[in-house]
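The values are calculated or read from the model by the stated rules, or taken from the named source; none is laboratory data. In this text the structure is predicted, and so the values were computed from the model without any measurement. Here Cβ is always computed from backbone atoms with ideal geometry, including for glycine, and neighbour counts include all displayed protein chains.
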Amino acid sequence: RKEVEQDPGPFNVPEGATVAFNCTYSNSASQSFFWYRQDCRKEPKLLMSVYSSGNEDGRFTAQLNRASQYISLLIRDSKLSDSATYLCVVTFNAGNMLTFGGGTRLMVKP
Amino acid sequence: SQTIHQWPATLVQPVGSPLSLECTVEGTSNPNLYWYRQAAGRGLQLLFYSVGIGQISSEVPQNLSASRPQDRQFILSSKKLLLSDSGFYLCAWSTYNNQPQHFGDGTRLSIL
């Protein structure tokens with residue numbers, strides 16, 4: 001089983017739709033969680049950290065479910081510019097480095 | 001503010017030739033530094049990381065090596081490139097191991 005798993009997609013959604021991605025992780029001792037965005041042929045960029053209480057940044061909402069060992073990213077009112085690959089990132093304890101999921105590809109269509 | 005520079009942006013090399021990719025970070029001291037490779041349509045593979053000058057940890061055995069001659073300089077090298085070394089190479093930095101990493105623009109390497 002992979003340490004961090006994501007549905008590779010693609011998720012094809014119309015503009016204005018709400019879309020959600022989940023990411024599951026294998027180690028219950030995981031401590032830090034992030035979502036990154038990667039545009040085609042570009043470097044990954046930090047989208048948001050994921051906090052235990054959940055957090056929101058504009059149209060983006062991140063949630064953490066420790067009991068079920070998954071994090072989620074919800075995008076409301078999708079824009080064409082949201083088309084990208086979204087990477088789930090987890091650390092497995094305070095001293096370890098980030099482990100990246102394989103990414104979920106989102107395509108927002110007009 | 002902190003910035004990370006990586007060059008060249010693209011590189012085409014013949015099989016068996018050497019490689020040197022350079023990455024520098026500005027605006028921070030004693031960063032953790034990382035080299036990743038991403039094959040087309042695939043996820044990120046951590047190659048090397050460094051927590052200080054001269055300290056290199058290898059995650060994947062291969063014909064690549066890394067060096068950190070200065071605090072904010074990280075170099076990825078190879079003596080003889082293989083076809084399988086093609087990919088998108090990304091350098092990243094972070095303040096600590098479990099903090100977000102920030103990536104350079106990447107080098108797209110094609111081996112012919």
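State the number of residues belonging to the stretch B:23-43 that are closer than 13 Å to B:Leu90 by Cβ and within 12 Å of the chain's Cα centre (by Cα).
Looking only at that region, the number is 7.
For the stretch B:63-100, what are the residues that are at pLDDT 95 or above and at the interface with another protein chain (Cβ under 10 Å from one of its Cβ atoms)?
B:Phe88, B:Leu90, B:Cys91, B:Ala92
Exactly one condition in (1) among the small types (Gly, Ala, Ser); (2) closer than 23 Å to A:Cys88 by Cα; (3) out of contact with any strand residue (DSSP E or B) (no Cβ under 7 Å at 6 or more places or on another chain) is not met by B:Ser84; state its number.
For B:Ser84, the failing item is (2).
Of the numbered conditions (1) surrounded by fewer than 16 Cβ atoms within 10 Å (Cβ to Cβ); (2) part of a loop (DSSP other than H, G, I, E, B), B:Ser57 fails exactly one; give the number of that condition.
It is condition (2) that B:Ser57 fails.
Whether any residue in the stretch B:92-107 is crowded, with 18+ Cβ neighbours inside 10 Å, among the β-branched types (Val, Ile, Thr), in contact with a helix residue (DSSP H, G or I) (Cβ under 9 Å, 6 or more places away or on another chain) and outside any loop (DSSP other than H, G, I, E, B) is what I want to check.
No: zero hits.
Suppose we filter the stretch B:15-54 for residues that are farther than 13 Å from B:Ile75 by Cβ and more than 14 Å from chain A (Cβ to nearest Cβ); how many remain?
Looking only at that region, the number is 9.
I'm trying to understand the selection: among the residues of the stretch B:11-27, which are over 17 Å from B:His102 (Cβ atoms) and assigned to a loop (DSSP other than H, G, I, E, B)?
Listed by number, the residues that qualify are B:Pro14, B:Val15, B:Gly16, B:Ser17, B:Pro18.
Output the residues belonging to the stretch B:33-44 that are more than 9 Å from B:Arg72 (Cα to Cα) and part of a strand (DSSP E or B).
Within the stretch B:33-44, B:Tyr34, B:Trp35, B:Tyr36, B:Arg37, B:Gln38, B:Leu44 qualify.
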